[in-house]
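Contents: one structure, followed by commentary.
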Amino acid sequence: MLEYQKGECFVVDAKKLESIISQISGVTAARVVPDGDNLREIHVIADSAKNPKQIVRDVETAILASTGLRIDRKIISVAQMTGEVQSKLAYAVKSLRTEDLGKNLRVIVNIEHGDEEFEGVAEGPKTSIQKLKTAANAVINALDEFSDSIYSVDDVRIITLAGKEFLLCHITKVDGNLETSLIGSAELNRDSLLAAANAALEVLVRFQ
């Protein structure tokens, strides 16, 4: 489905749209199926370096920027080819910084995945446990758009195993009426907030 400003006339040029989509990073092939003056389907083949929802968003953005047309994302389908790229590109916490808000703390986390970067922000009380939960929530907020599920940080614990300290993060994932308890872990070094962020990221990567 296309949306364009009143008074404008647009004839679907499937080849032009395919050319635009094919220039998106990670896309290896594209096929546009027109339906008169509208679009019926857009099929995209991509590598596994990006989340499928990110590819859909990239297609929408590329077409909007190049032609001024708004595409209904429901007509876009993405098929991904697995291979070495998936193993080479991993999600990782690139940076974590904090801002003092008086009684509260703001945590800003940047997550990198290949050449992509996502930022998440969360705020919470400056108690020892709540600060860790806030760091975990910042990670969830950074990647929220890539999942239809709801994630809740319920508890954070520090335990000792084999003489080393680890941070465990309990997250509840909600899909419809189904709730699942998930636990992520990270070795606790000097930065407990970074450990909490890494533990939450482990959950999202494994159970997205």
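The values are calculated or read from the model by the stated rules, or taken from the named source; none is laboratory data. Just so we're clear, the structure is a prediction, and the values are computed from it rather than from any experiment. Virtual Cβ from ideal backbone geometry, glycine too; neighbours counted across all protein chains shown.
Values for this structure:
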{"item": "Residue under evaluation residue 92, criteria (1) touching a residue at least 60 places away in the same chain (Cβ under 8 Å); (2) farther than 22 Å from residue 167 by Cα; (3) of a type in the set (A, V, I, L, M, F, W, C); (4) surrounded by fewer than 17 Cβ atoms within 10 Å (Cβ to Cβ), criterion not met", "result": "(2)"}
{"item": "In region 159-181, the residues that are more than 16 Å from residue 200 (Cβ to Cβ) and of a type in the set (Lys, Arg)", "result": "164"}
{"item": "Flag if residue 161 is touching a strand residue (DSSP E or B) at 6+ places or on another chain (Cβ under 7 Å) and either of a type outside the set (Val, Ile, Thr) or within 19 Å of residue 94 (Cβ to Cβ) (or both)", "result": "no"}
{"item": "Any hit, region 47-66, residues being exposed (fewer than 12 other Cβ atoms within 10 Å of the Cβ) and either modelled with pLDDT under 85 or in the same structural domain as residue 15 (by TED's automatic domain parsing) (or both)", "result": "yes"}
{"item": "Subset of region 36-77 [more than 22 Å from residue 148 (Cα to Cα), assigned to a helix (DSSP H, G or I) and in contact with a helix residue (DSSP H, G or I) (Cβ under 8 Å, 6 or more places away or on another chain)]", "result": "62, 63, 66, 67"}
{"item": "Per-region count, region 151-173, residues closer than 10 Å to residue 136 by Cα and either polar (S, T, N, Q) or not in a strand (DSSP E or B) (or both)", "result": "1"}
{"item": "Residues satisfying the stated conditions in region 100-112, i.e. more than 25 Å from residue 146 (Cβ to Cβ) and surrounded by fewer than 17 Cβ atoms within 10 Å (Cβ to Cβ)", "result": "100, 101, 102, 103, 104"}
{"item": "Qualifying residue in region 174-197 (condition: part of a loop (DSSP other than H, G, I, E, B), surrounded by 18 or more Cβ atoms within 10 Å (Cβ to Cβ) and touching an Asp or Glu at 6+ places or on another chain (Cβ under 9 Å))", "result": "yes"}
{"item": "Residue that is closer than 21 Å to residue 54 by Cβ and part of a strand (DSSP E or B), where the choices are 112, 123", "result": "112"}
{"item": "Any hit, region 119-138, residues being touching a helix residue (DSSP H, G or I) at 6+ places or on another chain (Cβ under 7 Å), surrounded by 14 or more Cβ atoms within 10 Å (Cβ to Cβ), of a type in the set (D, E, K, R) and closer than 30 Å to residue 47 by Cα", "result": "no"}
{"item": "Number of the exception - residue 143 against (1) surrounded by fewer than 17 Cβ atoms within 10 Å (Cβ to Cβ); (2) closer than 27 Å to residue 56 by Cα", "result": "(1)"}
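Yes/no per residue for (1) at pLDDT 85 or above; (2) not polar (S, T, N, Q):
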residue	(1), (2)
107	yes, yes
143	yes, yes
162	no, yes
177	yes, no
187	yes, yes
197	yes, yes
